[in-house]
């Protein structure tokens, strides 16, 4: 199994689906609803490429063939998302052994709104979305709150990617290359985050 970077072809549309690992149970006696929350939240993605011609069509169809169904993985992130926080600095993990939905970090500019709710970042090949605005203190330390949870424990001083956040995905279905002969092709690629990649 190999991980391949996704070709630099922008889809016409994308759908990002937060796939939670939760389940609800309704009591037949009281009708009260309980929710079981388990680890393993991850992203699903669907990318539509319409009316591809020339090199873009050739590059994308050969990339699909190279994935060989679910044998290999691909790295992709949210296309065209605007980072709204100030970012900057060299953000990294502050302390080993961290897990869950928060992460102690350092290396940010001092006293800045480094990330805002809705900003994406990645760590350990996992795409995260901030769920709370985050401000650094006078030493450049900040606690990030995000979804989904950390699937692998990051190392102390591990870098946090904010400029080009990516995650590793595997195909959920074999893409169909819908072609009008001699004119163009349209392709839909569906994937799910491989949390163990």
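What follows is calculated from the coordinates using simple rules that are stated; it is not laboratory data. Computed from a prediction, not measured in an experiment: that's the story for all the values here. Cβ atoms come from the backbone with ideal geometry, glycine included; neighbour counts cover every protein chain shown.
Quick rundown of the values:
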| quantity | calculated |
| --- | --- |
| Boolean, residue 189 is closer than 19 Å to residue 18 by Cα, in contact with a helix residue (DSSP H, G or I) (Cβ under 8 Å, 6 or more places away or on another chain) and part of a strand (DSSP E or B) | yes |
| The range 65-100: number of residues that are surrounded by 15 or more Cβ atoms within 10 Å (Cβ to Cβ) and under 16 Å from the mean Cα position of the chain (by Cα) | 7 |
| Checking residue 169 against (1) buried (at least 20 other Cβ atoms within 10 Å of the Cβ); (2) part of a loop (DSSP other than H, G, I, E, B), the condition it does not meet | (2) |
| Breaking point among (1) free of Cβ contacts under 8 Å to residues at least 40 places away in the same chain; (2) exposed (fewer than 14 other Cβ atoms within 10 Å of the Cβ); (3) in a loop (DSSP other than H, G, I, E, B), for residue 178 | (3) |
| Spans of strands (runs of 3 or more DSSP E) in the range 15-109 with at least 2 residues closer than 30 Å to residue 185 by Cβ | 42-52, 73-76 |
| Filtered residue count, the range 142-155, keeping only those that are over 15 Å from residue 96 (Cα atoms) and not in a strand (DSSP E or B) | 2 |
| Filtered residues of the range 168-197 (kept if in contact with a strand residue (DSSP E or B) (Cβ under 9 Å, 6 or more places away or on another chain) and farther than 28 Å from residue 152 by Cα) | 175, 176, 177, 178, 179, 180, 183, 184, 185, 186, 187, 188 |
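Rundown of residues vs (1) surrounded by 11 or more Cβ atoms within 10 Å (Cβ to Cβ); (2) under 27 Å from residue 196 (Cα atoms); (3) more than 16 Å from the chain's Cα centre (by Cα), yes/no style:
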| position | (1), (2), (3) |
| --- | --- |
| 16 | yes, yes, no |
| 23 | no, yes, yes |
| 32 | no, no, yes |
| 51 | yes, no, yes |
| 61 | yes, yes, yes |
